[in-house]
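Scroll down for the structure; my scribbles are underneath it.
The values are calculated or read from the model by the stated rules, or taken from the named source; none is laboratory data. Keep in mind that what you see is a predicted model, and the values were worked out from it rather than measured. Methodologically, a virtual Cβ is constructed for each residue, glycine included, from the backbone with ideal geometry; neighbour enumeration extends over all protein chains shown. Remember, those area values only see protein heavy atoms, side chains included, never the ligands or the DNA or RNA. Shrake-Rupley method; radii C 1.70, N 1.55, O 1.52, S 1.80 Å.
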Amino acid sequence: MAEKIAETLAVSKAYPNGGKTICVLDEVNLSLYTGDFAILLGPSGSGKSTLLHIMGLLDLPDSGAVRLFGEEALSLDERGKAGLRLQKLGFVFQFDSLLPEFTVLENADLPAMLAGTPDPDKAMSILRRFGMEELAHKMPSQLSGGEKQRVAIARALRNNPRLLLADEPTGNLDSRNTKIVLEDLSRLAKEGIAVLMATHDSRATAYATKVLTLEKGKISLNDNCLHIN
Ligand SMILES: Nc1ncnc2c1ncn2[C@@H]1O[C@H](COP(=O)(O)OP(=O)(O)OP(=O)(O)O)[C@@H](O)[C@H]1O
Ligand SMILES: [Mg+2]
């Protein structure tokens with residue numbers, strides 16, 4: 001029986017723009033279960049990153065609720081949110097998020113370091129999974145954009161999250177590495193975590209269990225998986 005991992009209830013967020021207000025998220029309801037590999041599509045500026053940041057407790061909605069692992073998460077204090085993010089959530093940021101003064105291996109081990117359980121061997125095994133062991137001792141500035149993105153994915157998986165929120169994780173990748181990442185995320189979902197991935201790449205829908213489209217503040221769901229090639 002699939003377990004509900006994450007839920008947004010009537011989540012709304014608006015930003016002022018000139019003299020007007022843009023309603024980016026308009027009472028968005030969304031549920032993710034164990035085994036879900038959900039793809040979030042939508043035009044640039046439609047609010048994909050905003051929604052992921054709210055679900056990842058990195059930003060607050062104007063109204064609505066976010067339930068993670070069965071508990072109301074927005075009312076947790078900063079310490080509670082940080083603990084939940086560290087123990088159960090993996091987040092892949094859309095833009096370069098590696099710490100420049102740390103090596104690839106240290107970046108990959110960072111969540112475990114923060115949790116007080118560093119283990120470079122484990123971090124190395126995740127890097128190996130993404131074919132990056134040879135990069136382990138490089139600095140982020142010595143990596144290509146795609147390599148950085150793969151390190152960020154490895155880092156997000158370091159603490160074995162139950163929910164992975166990935167914001168355009170394949171945006172800088174060539175088709176071979178895109179396939180590796182999509183297969184990996186799909187396998188993680190099959191193993192029982194929930195994955196929500198924002199992307200512009202409609203090829204990802206072929207791997208998805210759910211395709212969500214965000215447009216004009218509203219989410220539409222296609223459970224049958226549209227395969228767009
Ligand atoms: N801090 C902010 N202040 C004002 N407006 C913002 C802020 N953050 C986002 N926005 C606006 O909210 C809208 C949604 O932005 P968001 O980054 O969530 O879109 P997106 O779907 O992730 O786009 P992309 O596909 O380009 O990454 C955009 O119009 C953006 O300009
Ligand atoms: Mg975005």
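For the stretch 54-66, filtered to residues that are part of a strand (DSSP E or B) and open to solvent by 20 Å² or more (accessible area, probe 1.4 Å), the residue that is farthest from ligand 1 (Cβ to nearest atom) is A65.
The helices (runs of 4 or more DSSP H) found entirely in the stretch 112-229 that carry 3 or more residues being within 29 Å of V11 (Cβ to Cβ) are 145-157, 175-190.
Hey, among the residues in the stretch 165-190 that are within 24 Å of I54 (Cα to Cα) and away from ligand 2 (no atom under 16 Å from the Cβ), which one's surrounded by the most Cβ atoms within 10 Å (Cβ to Cβ)? So that I can check it myself, show each step before the final result.
If we filter the stretch 165-190 for residues that are within 24 Å of I54 (Cα to Cα), which is where we start, we get 165-172, 181-182, 185-186, 188-189.
Pick out the ones that are also away from ligand 2 (no atom under 16 Å from the Cβ) and you get 181-182, 185-186, 188-189.
Values: V181: 22, L182: 23, L185: 26, S186: 17, L188: 18, A189: 24.
Ranking the candidates gives L185 first.
Restricted to the stretch 38-53, and to residues there that are among the hydrophobic types (A, V, I, L, M, F, W, C) and surrounded by fewer than 24 Cβ atoms within 10 Å (Cβ to Cβ), the residue that is nearest to D26 (Cα to Cα) is L52. Of all residues in the stretch 130-144, those that are touching a residue at least 40 places away in the same chain (Cβ under 8 Å) and surrounded by fewer than 16 Cβ atoms within 10 Å (Cβ to Cβ) total 2.
Let's see how each residue does on (1) within 16 Å of ligand 1 (Cβ to nearest atom); (2) under 21 Å from L212 (Cβ atoms); (3) part of a strand (DSSP E or B):
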residue	(1), (2), (3)
A2	no, yes, no
A10	no, yes, yes
V24	yes, yes, yes
F91	yes, yes, yes
P100	no, no, no
